[in-house]
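**Student:** Quick one: the structure is below, questions incoming.
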Amino acid sequence: MIEIADEVRRRFPTLRLAYVVISGVAVKPSRGPELEELIREGVGGIRSKYDLATLKDLPVFRAYRDFFWRLGIDPTKERPSAEALVRRVLSGKPFPAINNLVDAYNLASMLTGIPIATFDLDAISGGRIVLRPARPGEIFLGIGMRKPIVLTGKELVMADSEGPIAIYPYRDSDRTKITERTRRALAVACGAPGVGERLLLEAARRAAELIVRFCGGAAGDIRLV
């Protein structure tokens, strides 16, 4: 289902990602009191464990920052999604409220430090996703964007047969986002050079467990690419 293009493997030979399909989910606009309490506990733990001034030097966040610099992307402006989430709560801002499924996997991302991309599997075209370099001039409309952006070619993207569904590993596409119509979700723990397979598998496992716990359904096998 997910492949890493040869040119990406040559450039980043230790880059891996883990993914899992969760079928039969029920997406609701609010997360409910049980998930709310779990998020509150998680935010409290993050605030007691980390400090904004030293966050960038922690090994997992440093790995993604170094990866971004190698791609020619400034991670102080376009932050890896997990670091952005941790920074948000350390700054005193509330944990984002989207829907029960997105909030569940965002919690897993915050707790593990691993960016997690999640897609409506039935909105993906062609049944195959490739992690590849962006093509100069490709158009991408991310979640929350008012208008599309034109990719330069230095980005890595996850793409289906219609084009990019994510700028890897920090912004997902509006076209394949999770909505209340979603019944099958694809969760991807996005790795980087220097991020071990065990941590990726753990992030995918926690995301799947939280999604099933709060959205129902059943998770398939976790696969490592």
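**Student:** Under a 10 Å cutoff between Cα atoms, tell me which one of I124, I73, I116 has the largest fluctuation in the Gaussian network model of the chain.
**Tutor:** Highest fluctuation among the options: I73.
**Student:** How big is the charge dipole of the chain about its Cα centre, in debye rounded to the nearest 20, if each Lys and Arg gets +1 on its Cβ and each Asp and Glu gets -1 on its Cβ? Walk me through the intermediate numbers first.
**Tutor:** Details: 35 positive and 27 negative charges, 77 e Å.
It works out to roughly 360 debye.
**Student:** How high is the relative contact order of segment 1-137? Use alpha-carbon pairs under 8 Å, at least six apart in sequence, and give a whole percent.
**Tutor:** Reported relative contact order: 42 percent.
**Student:** In segment 4-116, carbon and sulfur make up what percent of the accessible area (probe 1.4 Å)?
**Tutor:** 52 percent
**Student:** Mind checking which of G216, T152, P193 is farthest towards the positive end of the chain's charge dipole, using Cβ charges of +1 (Lys, Arg) and -1 (Asp, Glu) about the Cα centre?
**Tutor:** Positive-end residue among those listed: T152.
**Student:** Return the distance in nm (one decimal) between the two label points of a simple spin-label model at E7 and T152, each offset 7 Å from Cα along Cα→Cβ.
**Tutor:** Here the answer is 1.6 nm between the modelled labels.
**Student:** Okay, moving on. Taking the Cα centre of segment 44-164 as the origin and placing charges on Cβ (Lys, Arg +1; Asp, Glu -1), which of A134, A82, F119 is farthest toward the positive end of the dipole?
**Tutor:** A82
**Student:** Ignoring ligands, DNA and RNA, please state the percent of accessible area on segment 122-199 from carbon and sulfur, probe 1.4 Å.
**Tutor:** Values: 1810 of 3750 Å².
Reported share for carbon and sulfur atoms: 48 percent.
**Student:** Straight-line reach from K28: which lysines fall under 28 Å, measuring Cα to Cα and dropping same-chain residues less than 8 apart?
**Tutor:** K93, K147, K177
**Student:** Which of T14, T182, T54 moves most in a GNM of the chain, Cα contacts under 10 Å?
**Tutor:** It is T54.
**Student:** Then there is this: Which residue fluctuates the most in the chain, going by a Gaussian network model with Cα springs under 10 Å, if the choices are G144, G194, G42?
**Tutor:** G144
**Student:** Around I129, under 9 Å between beta carbons, what's the net of Lys plus Arg minus Asp minus Glu among the other residues?
**Tutor:** Local charge sum for I129: -1.
**Student:** Can you give the accessible area per residue of the chain, in Å², using a 1.4 Å probe?
**Tutor:** Averaged over the residues of the chain, the accessible area is 46 Å².
**Student:** Given a 1.4 Å probe and the protein chains all in place, what does the accessible area of R206 round to, in Å² to the nearest 10?
**Tutor:** 80 Å²
**Student:** Residue by residue through segment 137-145, what is 3J(HN,Hα) from phi via Karplus (6.51 cos²θ - 1.76 cosθ + 1.60, θ = phi - 60°)? Round to whole Hz and write x for glycine and proline.
**Tutor:** Each residue of segment 137-145 in turn: x, 5, 9, 9, 10, x, 4, x, 6 Hz.
**Student:** Also, quick follow-up: For L141 and D122 in one chain, what is 0.36 nm times their gap in residues minus the Cα-Cα distance, to one decimal in nm?
**Tutor:** Full extension of this stretch gives 5.0 nm more.
**Student:** Follow-up. Restrict the search to segment 149-225; then list the GluC sites (Glu not before Pro) that DSSP places in a loop and that have at most 14 other Cβ atoms within 10 Å of their Cβ.
**Tutor:** Here the GluC sites (Glu not before Pro) that fit, given the DSSP loop and packing criteria, are E162, E180.
**Student:** If you don't mind, another one. Testing the spin-label approximation: label points 7 Å from Cα along Cα→Cβ at T179 and K49. State their distance in nm.
**Tutor:** 3.5 nm
**Student:** Select from segment 35-83 those GluC sites (Glu not before Pro) which occupy a DSSP coil region and have at most 15 other Cβ atoms within 10 Å, ordered by residue number.
**Tutor:** On the way: sites: E36, E37, E41, E78, E83; in loops: E78.
Filter output for segment 35-83: E78.
The values are calculated or read from the model by the stated rules, or taken from the named source; none is laboratory data. Please read these numbers as outputs of a predicted model, since none were measured by experiment. With ideal geometry, Cβ positions are generated from the backbone for all residues, glycine too; neighbour counts draw on all protein chains shown. Ligands, DNA and RNA are stripped out before the accessible areas are found, and what is left, the full protein with its side chains, is counted by its heavy atoms. Shrake-Rupley method; radii C 1.70, N 1.55, O 1.52, S 1.80 Å.
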